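Everything below concerns the one structure shown next.
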Number of protein chains: 4
Amino acid sequence: MNEVGFLGLGIMGKAMAMNLQNNGFNVTVWNRSQSKCDELVKHGISIGESPAAVIGKCKYTIAMLSDPEAALSVVFGKAGVLEEICNGKGYIDMSTVDAETSKKISEAIKSKGGCFLEAPVSGSKKPAEDGQLIILAAGEKALYDEMLPAFNVLGKKSYFLGLVGNGAKMKIVVNMIMGSMMNALSEGLELADRSGLDCHELLDVLDLGAIANPMFKLKGPAMIKNSYPPAFPLKHQQKDMRLALALGDQNAISMPVAAAANEAFKKARSMGFGDLDFSAVHESVRRYK
Amino acid sequence: MNEVGFLGLGIMGKAMAMNLQNNGFNVTVWNRSQSKCDELVKHGISIGESPAAVIGKCKYTIAMLSDPEAALSVVFGKAGVLEEICNGKGYIDMSTVDAETSKKISEAIKSKGGCFLEAPVSGSKKPAEDGQLIILAAGEKALYDEMLPAFNVLGKKSYFLGLVGNGAKMKIVVNMIMGSMMNALSEGLELADRSGLDCHELLDVLDLGAIANPMFKLKGPAMIKNSYPPAFPLKHQQKDMRLALALGDQNAISMPVAAAANEAFKKARSMGFGDLDFSAVHESVRRYK
Amino acid sequence: MNEVGFLGLGIMGKAMAMNLQNNGFNVTVWNRSQSKCDELVKHGISIGESPAAVIGKCKYTIAMLSDPEAALSVVFGKAGVLEEICNGKGYIDMSTVDAETSKKISEAIKSKGGCFLEAPVSGSKKPAEDGQLIILAAGEKALYDEMLPAFNVLGKKSYFLGLVGNGAKMKIVVNMIMGSMMNALSEGLELADRSGLDCHELLDVLDLGAIANPMFKLKGPAMIKNSYPPAFPLKHQQKDMRLALALGDQNAISMPVAAAANEAFKKARSMGFGDLDFSAVHESVRRYK
Amino acid sequence: MNEVGFLGLGIMGKAMAMNLQNNGFNVTVWNRSQSKCDELVKHGISIGESPAAVIGKCKYTIAMLSDPEAALSVVFGKAGVLEEICNGKGYIDMSTVDAETSKKISEAIKSKGGCFLEAPVSGSKKPAEDGQLIILAAGEKALYDEMLPAFNVLGKKSYFLGLVGNGAKMKIVVNMIMGSMMNALSEGLELADRSGLDCHELLDVLDLGAIANPMFKLKGPAMIKNSYPPAFPLKHQQKDMRLALALGDQNAISMPVAAAANEAFKKARSMGFGDLDFSAVHESVRRYK
């Protein structure tokens, strides 16, 4: 499977396409705005002029798109994936979408004879660049097995989780836990600061104990300075909290802490911080007077 | 400072007294129930017949008591610390108490000419046994410096945080964050389980990513089996959430996620789980039908 | 406008159709299960054999259906409203649906030349029977004016709220406030009871003060007895909370109290109380040990 | 019982003392700042120069003080109530305090041979002026019976609730429900406004339905204009939420909606609105961008 198509060259997608090309794959890319493709040509990457063109050329095509709308549009739109997908070809959607979107895409691909795998990832820019993503795949097991060489380049670990939809669900459960934890840290930092403690000492103490984790260590120091450079935008984190709560609603699971965290993220959105990093939820906790 | 007194031989205290004795200190212990002292005699540890007796014998005395009431009673009660504390002697309270209790003890000790240090710890049974506690000291800096040899035996790291009360505050800020995180995990496990995901896979995915932390890894597998052997009792965790929220109240900090987490711990208490491990908050999230 | 069609004979719909018939209108009804229609024949009410048949016969047709799915199915389904609606005919949907559903129906009706009004109501069984509903209409003002004689029979007051969707929105805002209030009462009753107060005295005190309201007076006594005969089912109330929170999400409004109330309703659902009255949220607050 | 002492001439106290004087009682007042007393002299009211002086002169003395600290200080302080209270005299504390404070005062009064009644009220400035308070008395039943003529002047209804502490508890349960309801209204108003609805229409609709209540009707219109003239200061309402949650904590009652409401009040305090009316919690919900 040397020939691989790749749709979507955002922050994540570009790093992933480059990793594949640098590790023995011949990659053909497509992106909505052509300019992002042009940068990659010097690395030996080919360009396809539409999703359909990429599918037509490659046996396997990976997509990494920004949201459910983009994921649907690339499949169902004009010159889209559906026009060329057919028996013998595989489509792997690594975008983060909800389970319903994933199922819709799966059914369309399969109705044309293609194979489908959803494979959202845990990890953001840095792990994407370093090939250290965690891949949460679900759908057709045979396709998963065939994709393992590519997944081994892109990530440090991949899981096959069963039915289409399970990858999406696993992703939002993880992000829900992450969102509540970010709120816990935000509240703790503000409480420490206003109670006369040193926030850096708090981070040090946290980092030595049972709840030490890379996220606190990475984002804490910037949060103390009220700096929130966007790695994972707050509005996307809030969307994932909403999807997790909706999943809980379907299953009659009461999740009061996630619900409170979600409202804090909404508060931060209402303050105009939706495009900053999700650690900006700290601003919803801060006392301004 | 070879001679050290030690008051309180609960799970934590016993391990700490043993560590000191095994690492070059001559320890004299007192405990409310005598039997716990007797076990230690074979290790060369001496017994004092009252807190006052221990203080009278030793230049430095450490206390590790179960709650603010016990901490106050040992100091102010009959044959208590105050009866023998005097110029040239140091009293180090490593119990977890609120800042007010700590200040009350500090003032009493100082009024008798003694030196005081509060030094609550982060970490429970296992770190106590392994000398891997994190020590959050505050009060008299000179006493802190004198106690470093003992702290180096008891913990992997110690902090001097300034004024009396700051140790107590740091402790409850850390425990508040921990309590919210435990709720996040509980909700995530239940959501995963009810959505058709494998909870062990969720734990694996968590352990590979940005929010991987020892607590999830340690307690997660037991939680999946609805097993909560008490390492840190839920009722104590809930008390710390309450103290953290009270501290926030004093400083006009709104902490909606901690508040929701606190109510979940109260729900678990109302279900009769106060004496189990604080991971039993999982039961407050579980769907029973 | 003596001739009026009426689709849907649930608890509310039946009472409303009867009121119209008893106050000078000639009503033609349709209901999915025929038996409910038969009961009404003796009162002079006619039966249509399909939604389309009713629309074909009457210039104005009112619908009162259980949820968005039913509302859509009656319009778009086989022998549905769309097959006969045309220029000169009006369709008034009094079901409680979300704004999107209402807009979808509105557009379909208008594309066939018909006139549309959404007109959800505030009030449940008793006000429906007594003609004491509050009618929250939106859509075509001319149709609203023509329907006033019917609205005056069905309700004690009607509002015209502007664009289609506003009726649905007003309804869910009101129900959201109601849902939070019901939680406030539930928590207060349990707190009073467990603190050694008399819950009936609490209800008396509430009824004399600034927050006295008919709902507390009506439902409180049954709640004290843990009795929740369904007037407005809890699962429907929780759905309205969810819709309100979704509306808040779209508009970046953080509503932490409604979110906490929603989780309490979900907790009650998870305990198996979804089909009881929404006052059964009291069970989610009760201490069982 | 024509002769009545009255301690504390705040907004409430002044109105109550005047009502008593105007309805056949001979009132002797004391207030921390003398000037407030002077205004009342022209109405025939006498002045006592200390709490002790008032107690010495009158068989029955009522207190209406701002908070627990003031209530304690007037009893235990220099020239305080305890110096003159004795067998045959009654002391009625109508301040809003927690149950512990009330019990402490009760015990001190009784240890001197006096009779004690706690009698906090439901209602603020206007009902105090109009003699329309609701009186929540507890303590010695004989004293309650003797005070009925005065209570009938001050309030529209009085309750005898049993043991000392029950009056305080009833008051905070009522205020907790009120606080959650105020949050419900605040969230509803903001949601309506941002969703394109008319907030005055929302108030109209609310006022016609099952949750119509005097508070919404009274405060709603000012809230729409973001006006919060202090009738019951937000910081006092938040204190009552805190006391209610503490009472719940003692009894292992989980009250997630009250907890969320409390955090919203704290948010409003953190924004600098503690001295405005408690309806200013609306500002914590408002979207500023």
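Using a label point 7 angstrom from Cα along Cα-to-C-beta, what distances in nm, from shortest up, separate B:Gly44 from the other copies?
Going from nearest to farthest copy, the values are 6.8, 8.9, 10.7 nm.
Excluding residues fewer than 8 places away in the same chain, name every one of the aspartates and glutamates whose C-alpha is closer than 13 Å to that of C:Lys89.
Hits, sequence-local ones excluded: C:Glu3, C:Glu140, C:Glu146.
Do any trypsin sites (Lys or Arg not before Pro) in region B:33-104 lie in a DSSP loop with no more than 13 other beta carbon atoms within 10 Å, and if so, which?
Details: sites: B:Lys36, B:Lys42, B:Lys57, B:Lys59, B:Lys78, B:Lys89, B:Lys103, B:Lys104; in loops: B:Lys42, B:Lys59, B:Lys78, B:Lys89.
Sites meeting the loop and neighbour criteria: B:Lys42, B:Lys78.
Karplus couplings for region C:221-229 from phi (6.51 cos²θ - 1.76 cosθ + 1.60, θ = phi - 60°), rounded to Hz, Gly and Pro as x?
Using θ = phi - 60°, the values come out as x, 5, 4, 4, 8, 6, 10, 9, x Hz.
Report the gain in length on full extension from B:Gln34 to B:Cys86: 0.36 nm times residue separation, minus Cα-Cα distance, nm rounded to one decimal.
Working: separation 52, 0.36 × 52 = 18.72 nm, distance 2.58 nm.
Gain on stretching B:Gln34 to B:Cys86: 16.1 nm.
Can you tell me the FRET efficiency between C:Gln250 and D:Asp130 if r is taken as the Cβ-Cβ distance and R0 is 41 Å, rounded to the nearest 0.05?
On the way: r = 44 Å, r/R0 = 1.08.
Working from the Cβ atoms, E equals 0.40.
Select from region B:1-76 those GluC sites (Glu not before Pro) which occupy a DSSP coil region and have at most 14 other Cβ atoms within 10 Å, ordered by residue number. It would help to have the intermediate numbers written out before the result.
Values: sites: B:Glu3, B:Glu39, B:Glu49, B:Glu69; in loops: B:Glu49.
In loop regions of region B:1-76 (DSSP not H, G, I, E or B), the sparsely surrounded GluC sites (Glu not before Pro) are B:Glu49.
What is the fewest-to-most order of A:Asp93, D:Asp277 by other Cβ atoms lying within 10 Å of their Cβ? Present the calculation step by step, with values, prior to reporting the outcome.
Details: A:Asp93 31, D:Asp277 22.
Fewest to most other Cβ atoms nearby, the residues stand as D:Asp277, A:Asp93.
Using modelled backbone amide H atoms (1.01 Å from N, in-plane), which distant-in-sequence or interchain residues come within less than 5 Å of A:Tyr159's amide H?
Placed amide hydrogens put A:Ile135, A:Leu136, A:Ala137 under 5 Å from A:Tyr159.
Placing a label point 7 Å from Cα toward Cβ, how far apart in nm is C:Lys126 from its equivalents in the other copies, listed shortest first to one decimal?
Result for C:Lys126, in nm, nearest copy first: 2.6, 5.9, 6.2.
For B:Pro229, what charge total do you get from the other residues with a beta carbon under 13 Å from its beta carbon, if Lys and Arg give +1 and Asp and Glu give -1?
Details: positive: B:Lys125, B:Lys126, B:Lys219, B:Lys225; negative: B:Asp275, B:Asp277.
Taking every other residue near B:Pro229 into account, the sum is +2.
Label position 7 Å from Cα toward Cβ: report the copy-to-copy distances for C:Gly162 in nm, one decimal, ordered from shortest.
4.8, 5.1, 5.2
Which of the aspartates and glutamates could be linked to A:Lys112 by a straight reach, that is with a Cα gap under 14 Å, when you skip same-chain ones fewer than 8 residues away?
A:Glu83, A:Glu84
Starting from the alpha-carbon convex hull of the protein assembly as shown, give the projected area averaged over all orientations, in nm². Walk me through the numbers on the way to the answer.
On the way: hull surface 205.1 nm².
Quarter of the Cα hull surface area: 51.3 nm².
If you count the DSSP beta bridges with both ends in region D:1-136, what percent of them are antiparallel, to the nearest 5?
Values: 2 of 21 bridges.
Bridges in region D:1-136 are about 10 percent antiparallel.
Given the rule -39500 (n - 2.57) for each run of at least 4 DSSP H residues, summed and divided by the residues of chain C, what is its mean residue ellipticity at 222 nm, to the nearest 500 deg cm²/dmol?
Working: 13 runs with 154 residues, N = 289.
Estimated from H runs of four or more residues: -16500 deg cm²/dmol.
So what is the relative contact order for chain D, in percent, with contacts set as C-alpha pairs under 8 Å and at least six apart? Intermediate results must be reported in sequence, preceding the final value.
Details: 528 pairs, mean separation 37.0, N = 289.
In percent, rounded to a whole number, it is 13.
Which chain B residue comes nearest the axis with its C-beta when you rotate B onto C, and by how many angstrom?
In residue-and-Å form, the answer is B:Pro256, 3.
For the protein assembly as shown, what is the percent of antiparallel DSSP beta bridges, rounded to the nearest 5? The partial results should precede the final answer.
Values: 20 of 116 bridges.
Of the beta bridges lying entirely in the protein assembly as shown, close to 15 percent run antiparallel.
If neighbour count is taken as other Cβ atoms inside 10 Å, put C:Leu206, A:Leu7 in order from fewest to most.
Values: C:Leu206 25, A:Leu7 31.
If I rank by nearby Cβ atoms, fewest first, I get C:Leu206, A:Leu7.
Would you mind checking the tilt of helix B:11-22 against the longest principal axis of the Cα atoms of chain B, expressed as 0 to 90 degrees and rounded to 10?
50 degrees
At a Cα cut-off below 17 Å, give the aspartates and glutamates reachable from D:Lys239, other chains included and same-chain residues fewer than 8 away excluded.
Here the aspartates and glutamates satisfying the reach criterion relative to D:Lys239 are B:Asp249, D:Asp67, D:Glu69, D:Asp98, D:Glu100, D:Asp249, D:Glu263, D:Asp275, D:Asp277.
Each residue of region B:101-115 in turn: what ³J(HN,Hα) in whole Hz from Karplus with 6.51, -1.76, 1.60 and θ = phi - 60°, glycine and Pro shown as x?
Once rounded to whole Hz, the list reads 4, 4, 5, 5, 5, 4, 5, 5, 4, 5, 5, 9, x, x, 9.
Among the listed pairs C:Lys219/D:Lys171; A:Lys219/B:Lys126; A:Lys110/C:Lys235; B:Lys217/C:Lys235; A:Lys217/B:Lys235, which have their C-alpha atoms separated by more than 27 angstrom in this model?
On the way: C:Lys219/D:Lys171 21 Å; A:Lys219/B:Lys126 29 Å; A:Lys110/C:Lys235 36 Å; B:Lys217/C:Lys235 36 Å; A:Lys217/B:Lys235 29 Å.
The pairs that break the limit, which is 27 Å between Cα atoms, are A:Lys219/B:Lys126; A:Lys110/C:Lys235; B:Lys217/C:Lys235; A:Lys217/B:Lys235.
Strictly greater than 35 Å: what percent of every Cα pair in chain D meets that?
Here the tail beyond 35 Å accounts for 23 percent of pairs.
Using the eigenvalues of the Cα gyration tensor, what equivalent ellipsoid semi-axes result for region C:3-163 when each is taken as the square root of five times the eigenvalue, whole Å, largest first?
Working: eigenvalues 81, 69, 41 Å².
That gives 20, 19, 14 Å for the three semi-axes.
Can you give the alpha-carbon Rg of region D:112-255 over 2.2 N^0.38 Å, where N counts its residues?
1.25
A short reminder: the numbers here are calculations on the coordinates, not readings from a lab. Every value quoted in this text rests on a predicted model; they were computed, and no experiment measured them. Heads up, the Cβs are rebuilt from the backbone with ideal geometry, glycines too, and the neighbour counts pull from every protein chain shown.
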